[in-house]
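Note sheet for the following structure.
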Amino acid sequence: MTRRFDAFPYLLLLPAALLTLAIVAWPVVETFRLSFTNASIRATEDYIGFQNYERLFSGSFMAIIWRTLLWVALSVCLKLAMGLFGAVLLNAAVPGRALFRVLVMPPWIVPIAIGVFMWSWMYNGQFGMISGLLQRWGFLAGPFEFLGYRNSAFLATVVTDVWIGTPLVTLYLLAAMQTVPRELHEAAWVDGASRFHRFRRVTLPLIAPSLATMALLSAIWTFNSFEIIWILTEGGPRGATTTMIIDTYKTAISRFQYGAGAARSATLLVLLMVLTGIYLLLLNRMARRARRLEEASA
């Protein structure tokens with residue numbers, strides 16, 4: 001018997017598909033098209049081939065890419081480590097843990113601009129809290145402008161991003177931990193496994209897909225993070241905190257070089273697609289491992 005084709009589900013999906021094409025696909029195609037032109041506020045829009053990309057990779061853009069990757073790697077690793085540690089603590093059976101789960105949220109609830117302005121005040125060398133405390137404790141002989149030096153400014157942006165992003169990672173991993181069956185922990189406890197080994201052999205493999213998902217999402221958010229660096233340093237001092245998104249903004253918006261800015265945006269998109277592909281491979285491997293662990297315990 002031949003199965004009859006039913007077009008009704010596709011008709012229901014058609015409005016959403018058209019909306020996605022309008023707000024996602026068309027801007028992406030237009031960005032790639034502009035990247036092959038010399039579009040700017042002064043020049044006519046002429047096709048110039050790969051000249052924007054040749055200028056891009058023959059200049060200082062490679063240093064910006066490596067700086068962006070380092071910034072993302074430091075921020076994401078710290079957020080995952082602190083989020084995992086916080087989730088373990090909040091998952092423990094201690095009195096008042098519901099209150100602790102509420103108290104961990106303010107950095108995520110506070111608007112990003114307000115939180116970053118608060119950190120900008122604390123980093124100030126003349127009247128900032130951090131410099132004042134370090135002077136009082138004897139670690140500094142005088143005021144220190146954290147945002148005025150290359151290394152300290154870079155680390156300051158990382159700390160601010162970690163402060164903002166850790167609460168979401170913590171609650172996400174906490175929710176993943178609470179889905180782990182108690183029977184697995186009880187069986188491991190009966191076999192004499194310590195708390196650390198139960199976490200390493202039972203909890204961690206089962207939450208690995210959730211950990212990988214949060215790592216990808218956090219990496220994408222950090223790659224595209226603009227407000228934190230722009231409010232704190234605007235990419236300075238001397239380009240020490242200029243990431244790909246900051247460089248793209250300065251090129252396309254501040255200097256009105258739309259073609260060159262589109263080439264930077266296209267490069268950023270390709271990097272994120274590569275990152276997503278790696279994530280999907282790791283996620284499939286982790287999912288198979290978690291499935292084998294559940295089948296072995298059944």
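The values are calculated or read from the model by the stated rules, or taken from the named source; none is laboratory data. Owing to the predicted nature of the structure, the values given are computational and were not obtained by experimental measurement. FYI the Cβ positions are ideal-geometry reconstructions off the backbone, even for glycines, and counts take in every protein chain you see. Just the protein is used for accessible areas: all its heavy atoms, side chains included, with ligands, DNA and RNA removed. Shrake-Rupley method; radii C 1.70, N 1.55, O 1.52, S 1.80 Å.
Trp121 satisfies every condition listed in (1) open to solvent by 40 Å² or more (accessible area, probe 1.4 Å); (2) part of a helix (DSSP H, G or I); (3) modelled with pLDDT under 90; (4) not basic (Lys, Arg) except (3). Of all residues in segment 51-64, those satisfying the criterion of being part of a helix (DSSP H, G or I) and either of a type outside the set (D, E, K, R) or open to solvent by less than 80 Å² (accessible area, probe 1.4 Å) (or both) are Gln51, Asn52, Tyr53, Leu56, Phe57, Ser58, Phe61, Met62, Ala63, Ile64. For Asn151, the criteria (1) open to solvent by 70 Å² or more (accessible area, probe 1.4 Å); (2) in a loop (DSSP other than H, G, I, E, B) hold in every case but one, which is (2). Of the set (1) under 26 Å from Ala87 (Cβ atoms); (2) open to solvent by 40 Å² or more (accessible area, probe 1.4 Å); (3) hydrophobic (A, V, I, L, M, F, W, C); (4) touching a residue at least 24 places away in the same chain (Cβ under 8 Å), all apply to Ile278 but (4). Within segment 41-50, the presence of a residue that is open to solvent by 100 Å² or more (accessible area, probe 1.4 Å) and in a helix (DSSP H, G or I) is excluded. Taking the stated definitions as given, is Ile231 hydrophobic (A, V, I, L, M, F, W, C), in a helix (DSSP H, G or I), under 30 Å from Pro111 (Cβ atoms) and open to solvent by 40 Å² or more (accessible area, probe 1.4 Å)? Spelling it out, Ile231 is indeed hydrophobic (A, V, I, L, M, F, W, C), in a helix (DSSP H, G or I), under 30 Å from Pro111 (Cβ atoms) and open to solvent by 40 Å² or more (accessible area, probe 1.4 Å). Counting the residues of segment 157-210 that are within 26 Å of the chain's Cα centre (by Cα) and more than 30 Å from Gly236 (Cα to Cα) gives 21. Being open to solvent by 40 Å² or more (accessible area, probe 1.4 Å), among the charged types (D, E, K, R), in contact (Cβ under 8 Å) with a residue 24 or more places away in the chain and closer than 28 Å to Glu234 by Cβ is the requirement here; does Arg67 meet it? Judged against the criteria, Arg67 is a match. When Arg238 is tested against the conditions (1) closer than 18 Å to Leu155 by Cβ; (2) surrounded by 22 or more Cβ atoms within 10 Å (Cβ to Cβ), the lone failure is (2).
In segment 217-228, the qualifying residues are those that are in a helix (DSSP H, G or I) and open to solvent by less than 20 Å² (accessible area, probe 1.4 Å), and the one that is nearest to Val110 (Cα to Cα) is Ile228. The sole residue among Leu84, Leu78 that is at pLDDT 90 or above, under 20 Å from Leu216 (Cβ atoms), touching a helix residue (DSSP H, G or I) at 6+ places or on another chain (Cβ under 8 Å) and open to solvent by 40 Å² or more (accessible area, probe 1.4 Å) is Leu78.
Count of segment 130-148 residues, restricted to those that are open to solvent by less than 90 Å² (accessible area, probe 1.4 Å) and either over 28 Å from Leu69 (Cα atoms) or part of a loop (DSSP other than H, G, I, E, B) (or both), is 11. Screening segment 1-56 for residues that are β-branched (Val, Ile, Thr) and over 28 Å from the mean Cα position of the chain (by Cα) and picking the one that is farthest from Ala262 (Cα to Cα) gives Thr2.
Taken as a whole, the structure leaves Ile207 outside the set of residues that are aliphatic (A, V, I, L, M) and under 30 Å from Gly125 (Cα atoms). Among the residues of segment 219-238, are any over 30 Å from Pro181 (Cβ atoms), of a type in the set (Lys, Arg) and modelled with pLDDT of 90 or more? Taking every residue of segment 219-238 in turn, none turns out to be over 30 Å from Pro181 (Cβ atoms), of a type in the set (Lys, Arg) and modelled with pLDDT of 90 or more. Answer yes or no: is there a residue in segment 12-26 that is among the hydroxyl-bearing types (Ser, Thr, Tyr), at pLDDT below 90 and either assigned to a loop (DSSP other than H, G, I, E, B) or open to solvent by 90 Å² or more (accessible area, probe 1.4 Å) (or both). No, segment 12-26 contains no residue that is among the hydroxyl-bearing types (Ser, Thr, Tyr), at pLDDT below 90 and either assigned to a loop (DSSP other than H, G, I, E, B) or open to solvent by 90 Å² or more (accessible area, probe 1.4 Å) (or both).
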